[in-house]
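Written out below as structure tokens is the structure these notes cover.
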Amino acid sequence: MQRITLLGSTGSIGLSTLDVMRRHPQRYAAYALCAHSQIQQLFEQCCEFKPRFAVVRDAVLADQLAALCRSAGLSTEIRHGVDALTEMASAPEVDAVMAAIVGAAGLEPTLAAARAGKKIMLANKEVLVMAGALFMRTIQESGATLLPVDSEHNAIFQALPADFSRGLAACGVERILLTASGGPFREKALEDLRHVTPEQACAHPNWVMGRKISVDSASMMNKGLEVIEAHWLFAAPPEKIQVLVHPQSIIHSAVAYNDGSVLAQMSHPDMRTPIAYALAYPERIVSGAPALDLFKIGRLDFYPPDFERFPCLRLAYDVLRQGGTAPAILNAANEVAVAAFLERKLAFLDISRLIETVLSRLPCRIDSSLDDVLVADAEARQLAHQFVNRRDAA
Ligand code: NAD
Ligand code: MG
């Protein structure tokens, strides 16, 4: 029986994780379910999964959730705040942590899980974008196990040999082929992107996801963040990571070897497949995802990405080459820009402009300790907010 802490249990990845766990009650138990503010949903999850702990944002919400749990006769203990997340991610009783908080808020608890040497199933890609060097070093020092949940990275992990950490070149790897659906605006002209709405941006053609990653997919920043994620997970130099637009989202990524072989992983665009892989690794378990019928799929298409219409992708390669705190600055500016876009305070095309402005105004520190990363994150957010407020006033 594996006892699991789920960071972000009420989100899209959280719900898919619980759906896989529910199919295997003899293998997985919830130790802690952690969410932000959706207490009704968290309460329902507590009723079903009976975790030892549940965590919410603040004391007021914690009291409300505790009252609900008491009235239902549950013994789940309720905690709140960042310290509680960190405690749940590193508690000695915990075997595995699903890191599925969205954005920078997930950094400290996920880092705590790494320090504690846990098995970490990583969906929260912003952790690696902000603090990749530090996070990977921590994993190595503690002996933690890192399993990628992001579908592309999970596919690459499946297509690499088990001992890939001895170096991609030594394994005969020539390139990593990172696939992208192209998002909802793949075929829109630059001019038509000017007036797109949050609803249009969140209507992804293949995947149902949280709002932040949906906007990232529409701007292709998601693929940019994933290039950085792949760099850290697989020690892949940026020039060895090639993005391919593949609108059907059936091939989730591939690895090209020096003998001419390309190994790809295929499945329906359903996050339960990579989640089940990470949960059961190195075994395989039923995930609930439907079987793939290649006759029905019929064809698979591939196109090069358009760096002009999707400048966020170019910016991500730029910050990866720059190194240090540059990716943390990009990530923070992007989080502020996406939130402003979702609140209709910023136009879609201004997302990349804002990030570029913030990157050009802030110094990039090459040594990136946790403090450096947190300072860069705070400075970038502050500057990005100023930019949004000026736009708002204009
Ligand atoms: P979501 O918005 O649906 O869910 C986010 C979860 O995090 C919620 O449970 C929310 O309560 C919690 N949360 C948010 N802010 C928090 C805070 N400050 N403190 C504590 N908890 C907080 O997001 P999602 O789509 O599930 O994505 C989660 C992560 O997984 C993101 O980093 C995303 O990039 C990554 N990811 C998602 C998908 C997908 O299909 N949804 C695929 C690959 C990677
Ligand atoms: Mg992905």
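The values are calculated or read from the model by the stated rules, or taken from the named source; none is laboratory data. Worth saying up front: this structure is predicted, and the values here are computed from it rather than measured. Here Cβ is always computed from backbone atoms with ideal geometry, including for glycine, and neighbour counts include all displayed protein chains. Quick note on the areas: whole protein, heavy atoms, side chains included, nothing else; ligands and nucleic acids left out. Shrake-Rupley method; radii C 1.70, N 1.55, O 1.52, S 1.80 Å.
Annotations
- Long-range Cα-Cα pairs in region 164-213 (distance over 16 Å), rounded percent: 58 percent
- Cα-based reach from K188 at 13 Å (exclusive), listing aspartates and glutamates while leaving out same-chain residues under 8 positions away: D306, E308
- For R361, the solvent-accessible surface computed with a 1.4 Å probe is close to 150 Å², ligands and nucleic acids excluded.
- Largest-first ellipsoid semi-axes for region 218-361, taking √(5λ) over the Cα gyration tensor eigenvalues, angstrom: 30, 19, 16
- Here the Gaussian network model covers the chain, with springs between Cα atoms less than 10 Å apart; of A104, A72, A30, A72 fluctuates the most.
- Seen through its C-alpha gyration tensor, with square-root eigenvalues sorted a ≥ b ≥ c, the chain comes out rounded because a/c lies under 1.5.
- Between the residues T357, T273, A218, the greatest Cα displacement towards the positive end of the dipole of the chain, with unit charges on the Cβ of Lys, Arg, Asp and Glu, is found for T273.
- 3J(HN,Hα) along region 132-146: x, 4, 5, 5, 5, 5, 4, 4, 5, 5, 8, x, 5, 9, 10 Hz, from the Karplus curve 6.51 cos²θ - 1.76 cosθ + 1.60 with θ = phi - 60°, whole Hz, x for Gly and Pro.
- Overall Cα dimensions of region 1-126 - principal axes, largest extent first, Å: 36, 32, 27
- Over the residues of the chain, the helix contribution to mean residue ellipticity at 222 nm works out to -14500 deg cm²/dmol, using -39500 (n - 2.57) for each DSSP H run of at least 4.
- For the peptides 338-350, 270-282, residues were scored by their other Cβ atoms within 10 Å and the scores averaged per peptide; the highest-first order is 270-282, 338-350.
- Range of Cα positions in region 282-394 per principal axis (Å), largest first: 52, 38, 28
- Using Cβ point charges alone (K and R +1, D and E -1), the dipole size of the chain about the Cα centre works out to roughly 380 debye.
- Region 204-268: C-alpha gyration tensor shape, a/c 1.5 cut-off, then a/b vs b/c: oblate
- Peptides 178-189, 322-333 ordered by average Cβ neighbours within 10 Å, highest first: 322-333, 178-189
- Charge-dipole axis of region 207-261 as Lys and Arg at +1 and Asp and Glu at -1 on Cβ define it, positive-most pick from L233, I251, V208: V208
- Centre separation in Å (Cα based) which lies between region 89-159 and region 6-55: 18 Å
- Alpha carbon centroid spacing (whole Å) that separates region 227-291 from region 328-390: 29 Å
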